[in-house]
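Single-structure report; data block below.
The values are calculated or read from the model by the stated rules, or taken from the named source; none is laboratory data. Keep in mind it's a predicted model, so treat the numbers as computed, not measured. Because the Cβ atoms are built from the backbone with ideal geometry, glycine has one as well, and the counts that use them run over all protein chains shown. Areas reflect the complete protein model, heavy atoms only, side chains present, ligands, DNA and RNA absent. Shrake-Rupley method; radii C 1.70, N 1.55, O 1.52, S 1.80 Å.
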Amino acid sequence: MKSKSPESEQYLSASNRITGAIVLVIGVLGLVDVVLEWRTATGLLVGSIIAIVMILAYAGLMRPSVTLSPENLLLRNHLRDHLIPWSKVTGVDVTDILRVHTEANRFRAPGVQLVMRDLRKQRVGGRKLAADNSLSKADFVVSRIETLQGQYSEQSQGDVITGWAKPELIAIGVLAVVAIVAAVVR
């Protein structure tokens, strides 16, 4: 489902990516410790659980993104991907996260989200928002989607394609089976 166009733009939450990277580094350190010190069925069980938590952290924090290309709009959510041709997009807005509207559905995209601190500042009207606040970033993504929708809606045809994040789900399933077998064997 990746776009092959060199003109693609990808938007995602930098703070979520940083948090996800920290979780993954801690998980790798835990796995290294299990491999070096704990080579038993219980170690296999613990290692499988750590790996499952790492995959869930990746899926929850690092995977969500919004990719714009001349052909379509790709929304990567935690465990699902939505490939939306520009001709199907009827609108876009931001509540707490980006929402893309089609005639048949509304798709939420956690790759572009608002920080609650910025929403409170805007609502109260007190202190000024920083120049790089989440509201202005989200507004920029909304304007880019609206611009590309107007530009490519007649060229881009097809249906909305929704698919699961198969590699992540398969890895979680395999690790869960390994953890269950290790729990039974120990």
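Tabulated values for the structure
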{"item": "Gain in span if fully extended, A41 to I26, counting 0.36 nm per residue against the direct Cα distance", "result": "3.2 nm"}
{"item": "Degrees, to the nearest 10: 14-37 long Cα axis against longest axis of the chain", "result": "10 degrees"}
{"item": "Principal semi-axes in Å for the chain [√(5λ), Cα gyration tensor, largest first]", "result": "37, 22, 13"}
{"item": "Two-site FRET efficiency, H101 against S15, from Cβ-Cβ distance with R₀ of 22 Å, rounded to 0.05", "result": "0.25"}
{"item": "Nearest-10 value in Å² for the accessible area of D81, using the 1.4 Å probe", "result": "20 Å²"}
